[in-house]
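The values are calculated or read from the model by the stated rules, or taken from the named source; none is laboratory data. Please read all numbers here as calculations on a predicted model, not as lab measurements. Heads up, the Cβs are rebuilt from the backbone with ideal geometry, glycines too, and the neighbour counts pull from every protein chain shown. Surface areas here come from the heavy atoms of the whole protein model, side chains and all, with no ligands, DNA or RNA. Shrake-Rupley method; radii C 1.70, N 1.55, O 1.52, S 1.80 Å.
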Amino acid sequence: GAAEGLKYMLAVDPAKFNGGTVVAALGQAFFSLSVGMGIMVTYGSYVPRTENLAKSAGYICILDSLVALLSGLAIVPVVYITAGPEAMGMGGGFAFMALPEVFSRLPGGVFFGFAFFLLLFVAALTSAISILESCIAWLTEEFGFARLKATLLLVIPMSFLSAGYSLSQGAMDIKLPWFDFTNGVQYLPMNAVMEKFTDNLMIPLGALCFCLFVGWVWGTDNASKEIEASGHSMAWKRLWAFLVKFLAPAVIIVILYFTVGRGQGLS
């Protein structure tokens, strides 16, 4: 029943804990908080200077984790009852394979299913807009492009890439080369290569570049002064500086070892 599903979700099995578990957890943090993509940097530049950035960052992390936990408590037990424990390992296909089975068994499931996937579409659309904003800001601020021109310049090639991504999942045999140090050169479907390029390489590499820039190029002292320009003092400055300069880069390098070195997926 639901209790078994809840127990399944909250159960801790030390025997299954390994490096892959840590990488998967860190990968979830990367995607959930949009770390390494430049999104937070872009939107952070739009907030007023009076905003307490350190406090806002703390709220974002806490609320993001809370929403994820509440979503899991709402969905996982129901899916466990209707689709069984094997549905728990579907990854990205969870919403499209397990949840339709759940909605088909619920009273008014057609309505709830339609509402859920409509909201999922809106979430995907807003995520795409937020990711695109970093590139648009770069074109408009560095090269003086109008926002409409910059948007069209980016949307057109992205539409072709998106079409290739979708078609390569079954409709067309589109394959591209991919390399990692464990498996060597592989020819994989376009969607798999795009996921590996972004998830395994670009996102952790982007996060590493941010840490190196803030910690060693711009400097944590200058970054702290910018954060405190709002008039709010920044607690734990030394700890934060240590994390940005040493611990975070070390962790990201470990992630790159697993993703690029051993070919393990981040998402």
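Quick one: with all protein chains in place, what share of the accessible area of the chain is carbon or sulfur, to the nearest percent (1.4 Å probe)? Answer for the chain is 71 percent, counting heavy atoms of protein chains only.
Close amide-amide hydrogen proximity is noted between Leu176 and Leu188, Met190, each under 5 Å apart and 5 or more residues distant or on a separate chain (H modeled in the peptide plane; Pro and chain starts excluded). Ranking Met158, Met194 from most to least accessible surface, computed with a 1.4 Å probe over the protein chains only, gives Met158, Met194. Solvent-accessible surface (1.4 Å probe) assigned to Ile252 amounts to roughly 10 Å².
Residue order by solvent-accessible surface for Thr21, Thr50, Thr220 is Thr50, Thr21, Thr220, largest first, with ligands and nucleic acids left out and a 1.4 Å probe.
Summing Cβ point charges (Lys, Arg +1; Asp, Glu -1) relative to the Cα centre of the chain gives a dipole of roughly 280 debye.
As a length-normalised measure over Cα pairs under 8 Å and 6 or more apart, the relative contact order of segment 158-235 settles at 18 percent.
Given the options Val217, Thr151, Asn183, identify the residue whose Cα lies farthest towards the positive end of the charge dipole of the chain (+1 on Cβ of Lys, Arg; -1 on Cβ of Asp, Glu). Of the listed residues, the answer is Val217. Tell me, what is the FRET efficiency for Glu228 and Leu73 to the nearest 0.05, using R0 = 45 angstrom and their Cβ-Cβ distance as r? Step by step, r from the Cβ atoms, then E = 0.75. Straight-line reach from Lys175: taking Cα to Cα under 26 Å and skipping same-chain neighbours fewer than 8 places apart, the lysines in range are Lys196. Solvent exposure of the chain amounts to 64 Å² per residue of accessible area, where only protein heavy atoms count and the probe is 1.4 Å. Take Phe210: with every protein chain present and a 1.4 Å probe, its accessible area is about 80 Å². Taking all protein chains together and rolling a 1.4 Å probe, Cys211 ends up with roughly 20 Å² accessible.
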